[in-house]
Amino acid sequence: MKVHIIGGGNLGVAIAKGLSKFSEGNQITVTRRNTASILYLEELGVTVSTDNKHQIQDADIIILTIKPYQVDTVLAEILPVISNKVIASAVSGLSIENLQNKIGDGNSAVRIMPNIASQFGASATCIAFHEKNKEKAQNTVALFQDLGTAPIIDEKLMDAATVLAASGTAFALRYIRASMQAGIEIGFDWQTALAISAQTVKGAAEMIMEEQVHPEQLIDRVTTPQGCTIAGLNEMEMHGFSSSLIRGIKTSLKQIKG
Ligand SMILES: NC(=O)C1=CN([C@@H]2O[C@H](COP(=O)(O)OP(=O)(O)OC[C@H]3O[C@@H](n4cnc5c(N)ncnc54)[C@H](OP(=O)(O)O)[C@@H]3O)[C@@H](O)[C@H]2O)C=CC1
Ligand SMILES: O=C(O)[C@@H]1CCC=N1
């Protein structure tokens, strides 16, 4: 597939790198105004351009990874030269209806919410589209399945998906950082503490995905009666571990909804 990514920043580059490594048979173009910092992508076979219209007529999917306030400018530039295109937008807060109105009936809007782990083929990319665009959205779904998981969700959950799956990457990293900091206090240098913390989170996530059970069932396998794990967990909960995460996620959601 010919994939045209407009907005070669944090997310656009992560998707381009992921596609170049985990998805076969694609030709990828990434655009931004100042390309100096992403020219290295050319070594991965990615075309880098400052021209948003560069061979865009040939694209099978146009992916928007720009900020919300950049959308109108970019669309004003590309709409005169495209027709019958799928435009997959990762722009947070931009509804399918709004995007479809902007791009007109001649093109099809799909909403995607990847995260930066796309780069490692490990994103949880939620995807939403209107029923009438179901067929046209299938290429997008296939593409993001190569970059991790790509559940199709009801659009009304898209803001929630943004917080859980995209912001969630930062939340998970903050857990790892805190664990690392504790690791230093109890005797490790930061590199060793970080490596242990990251691998431990990866292992826990792999168990959940493999066994598909409620986390508490696995936690029960770790918590020896009168042992150190339950003592630590109870102390964490006393200080609001779960409730602070839940409150943080709900606050993020409020921020998106405005
Ligand atoms: N970062 C993340 O983890 C996630 C982000 N998102 C959403 O994705 C979008 C992008 O986020 P993020 O990657 O973090 O933002 P960045 O600021 O890192 O990337 C946006 C890019 O767009 C480029 N850009 C701006 N104007 C234009 C233009 N006219 N034509 C072409 N490119 C342009 C900018 O480069 P230049 O200035 O050189 O043109 C910049 O590199 C946002 O809407 C965000 O909400 C969604 C999920 C996850
Ligand atoms: O923080 C943000 O607003 C964007 C959307 C999700 C991840 N980054």
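The values are calculated or read from the model by the stated rules, or taken from the named source; none is laboratory data. From a predicted model like this one, the values you see are computed outputs, not experimental measurements. Ideal geometry is used to build each Cβ from the backbone, glycine not excepted, and the neighbour counts take in all protein chains shown. Note: areas computed on protein heavy atoms with side chains; ligands, DNA, RNA excluded. Shrake-Rupley method; radii C 1.70, N 1.55, O 1.52, S 1.80 Å.
Accessible area ranking (1.4 Å probe, heavy atoms, ligands and nucleic acids excluded), largest first, for Leu245, Leu11: Leu245, Leu11. Cα convex hull, the stretch 1-139: 99 Å³ per residue, rounded to a whole number. Accessible area per residue for the stretch 160-257 is 75 Å², calculated with a 1.4 Å probe on protein heavy atoms, without ligands, DNA or RNA. The charge dipole of the stretch 2-153, taken about the Cα centre with unit charges on the Cβ atoms of Lys, Arg (+1) and Asp, Glu (-1), comes to about 220 debye, rounded to the nearest 20. Here the calculated FRET efficiency for Lys67 and Ile208, from their Cβ-Cβ distance with R0 = 41 Å, stands at 0.80, rounded to the nearest 0.05. Separation of the alpha carbons by more than 28 angstrom is noted, of Lys17/Lys67; Lys21/Lys132; Lys132/Lys156; Lys21/Lys53; Lys21/Lys67, for Lys21/Lys132.
Taking every DSSP helix (H) stretch of at least 4 residues in the chain, weighting each as -39,500 (n - 2.57) and dividing the sum by the residue count yields a mean residue ellipticity at 222 nm of -14500 deg cm²/dmol. Shape call for the stretch 105-258 from the C-alpha gyration tensor, a ≥ b ≥ c root eigenvalues: rounded (a/c under 1.5), prolate (a/b greater than b/c) or oblate? Since a/c reaches 1.5 and a/b is larger than b/c, the shape of the stretch 105-258 is classed as prolate.
Scaling the Cα radius of gyration of the stretch 15-60 by the globular reference 2.2 N^0.38 Å produces a ratio of 1.11. The relative contact order of the stretch 2-153 comes to 23 percent, based on Cα pairs under 8 Å that sit 6 or more residues apart. Value of Rg to Rh for the stretch 112-182, rounded to two decimals, is 1.09; Kirkwood radius and Rg both from alpha-carbon coordinates. Residues whose amide H comes within less than 5 Å of that of Ile5, counting only those at least five positions distant or on another chain, are Thr29, Val30, Thr31, Ile63 (H built at 1.01 Å from N in the peptide plane). Taking packing as the residue-averaged number of other Cβ atoms within 10 angstrom, the listed peptides 78-87, 115-124, 224-233 run from highest to lowest as 115-124, 78-87, 224-233.
Below 8 Å, C-alpha to C-alpha, sequence gap of six or more: please give me the relative contact order for the chain in percent. List each step's numbers first, then the result.
Details: 372 pairs, mean separation 36.5, N = 258.
RCO, the chain: 14 percent.
Global dimensions of the chain from alpha-carbon coordinates: Rg and Dmax equal 20.7, 69 Å.
Helix 168-185 and the long axis of the chain differ in direction by around 30°, with both axes built from C-alpha atoms.
What is the Cα centroid distance between the stretch 101-150 and the stretch 201-258, reported in whole angstrom? The stretch 101-150 and the stretch 201-258 have Cα centres separated by 29 Å.
The charge dipole of the stretch 160-257, taken about the Cα centre with unit charges on the Cβ atoms of Lys, Arg (+1) and Asp, Glu (-1), comes to about 600 debye, rounded to the nearest 20.
Karplus-based coupling profile of the stretch 134-149, in residue order and whole Hz: 3, 4, 5, 7, 5, 4, 5, 4, 4, 4, 7, 5, 5, 9, x, 9, with θ = phi - 60° in 6.51 cos²θ - 1.76 cosθ + 1.60 and x standing for Gly or Pro.
Heavy-atom accessible area with a 1.4 Å probe sorts His239, His54, His214, largest first, into His239, His214, His54.
With r defined as the distance between the Cβ atoms of Lys21 and Ala231 and R0 fixed at 51 Å, what FRET efficiency is calculated, to the nearest 0.05? So the FRET efficiency works out to roughly 0.75.
Estimate the FRET efficiency between Ile184 and Leu218 by the formula 1/(1 + (r/R0)^6), using the beta-carbon distance for r and 22 Å for R0, to the nearest 0.05. E between Ile184 and Leu218, to the nearest 0.05, is 0.25.
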